[in-house]
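Working notes, structure below.
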Amino acid sequence: KQEVTQIPAALSVPEGENLVLNCSFTDSAIYNLQWFRQDPGKGLTSLLLIQSSQREQTSGRLNASLDKSSGRSTLYIAASQPGDSATYLCAVRRSGNTPLVFGKGTRLSVIA
Amino acid sequence: GAVVSQHPSWVICKSGTSVKIECRSLDFQATTMFWYRQFPKQSLMLMATSNEGSKATYEQGVEKDKFLINHASLTLSTLTVTSAHPEDSSFYICSARGAGTLPYEQYFGPGTRLTVT
């Protein structure tokens, strides 16, 4: 059974700092990996989706990498801002027809 | 495009009563809907998968007689929590995919906060 782990569970950084969030998964046979943002009491906002054949995806200040063979992904946030404060969730899909399996998330606080 | 709504956004009910949560795909036909549950500071855990017109498939450990899922149309799925108890208090999020959306992409609703007193 696929298990997704995110480290650290919580992170607090000063504004402007670059940071890396880590995600690992036990079964490397994935179809794609997706990073989400969740604000307190809210639903999910999709940030980046990486197909299994891709190594990375970029959107603005966000860069996600995927090393499928080692079962790892990282989300890099450049020049962090207080508005980036949220929980970041990593999720993987085994095949195109299967649902996403989520990690517990990393709670990020960016201090002004 | 690909918007999913949920209603209500939050609900409080008394122990022993039933509560229904609706999930709607607003601008696409949702051939498959997923229901997740999220406890505080925990991950989203898949409860069940439903395909339109078929019975839902429940994950191990999820009581199908307690969490009734109906997916009778291509735009609406409902989750009914029957005989709710305080331990059912959680954040319930639905997700949908289907015709007209990106292949295999899941679109998430805003969630419903259920509190059972």
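The values are calculated or read from the model by the stated rules, or taken from the named source; none is laboratory data. As the structure is a computational prediction, the values presented were derived from the model and not from experiment. Cβ sites come from the backbone with ideal geometry, for glycine too, and all protein chains shown count toward neighbours.
Summary table
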read-out	value
Answer residue from region A:1-59, given it is of a type in the set (Asp, Glu) and closer than 27 Å to residue B:60 by Cβ and is nearest to the chain's Cα centre (by Cα) among those	A:3
Filter result (surrounded by fewer than 15 Cβ atoms within 10 Å (Cβ to Cβ) and either closer than 18 Å to residue B:23 by Cβ or in contact with a Phe, Trp or Tyr (Cβ under 7 Å, 6 or more places away or on another chain) (or both)) within region B:81-112	B:99, B:100
Options A:109, A:70; residue that is surrounded by fewer than 20 Cβ atoms within 10 Å (Cβ to Cβ), on the phi < 0 side of the Ramachandran plot and assigned to a strand (DSSP E or B)	A:109
Set A:100, A:89, A:75: member being buried (at least 21 other Cβ atoms within 10 Å of the Cβ) and at pLDDT below 95	A:100
Test: residue in region A:31-40 that is modelled with pLDDT of 95 or more, assigned to a loop (DSSP other than H, G, I, E, B) and either within 30 Å of residue B:7 (Cα to Cα) or not aliphatic (A, V, I, L, M) (or both)	no
Matching residues, region B:27-44, being among the hydroxyl-bearing types (Ser, Thr, Tyr) and within 10 Å of chain A (Cβ to nearest Cβ)	B:32, B:36, B:43
Residues that are within 10 Å of chain A (Cβ to nearest Cβ) and within 13 Å of the chain's Cα centre (by Cα), drawn from region B:60-95	B:91, B:93, B:94, B:95
Those residues of region A:28-41 which are closer than 21 Å to residue A:77 by Cα and either facing chain B (nearest Cβ under 10 Å) or charged (D, E, K, R) (or both), in sequence order	A:32, A:34, A:36, A:37, A:38, A:39
Candidate set: region B:82-110, residues that are small (Gly, Ala, Ser) and either assigned to a helix (DSSP H, G or I) or modelled with pLDDT of 95 or more (or both); chosen: the one nearest to residue B:40 (Cα to Cα)	B:90
Among (1) surrounded by 15 or more Cβ atoms within 10 Å (Cβ to Cβ); (2) under 14 Å from the mean Cα position of the chain (by Cα); (3) away from chain A (no Cβ under 11 Å), the one test that residue B:49 misses	(3)
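Okay, residues lined up against (1) at pLDDT 90 or above; (2) aromatic (Phe, Trp, Tyr); (3) surrounded by fewer than 17 Cβ atoms within 10 Å (Cβ to Cβ):
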residue: B:2; (1), (2), (3): no, no, no
residue: B:15; (1), (2), (3): yes, no, yes
residue: B:21; (1), (2), (3): yes, no, no
residue: B:30; (1), (2), (3): no, no, no
residue: B:36; (1), (2), (3): yes, yes, no
residue: B:65; (1), (2), (3): yes, no, yes
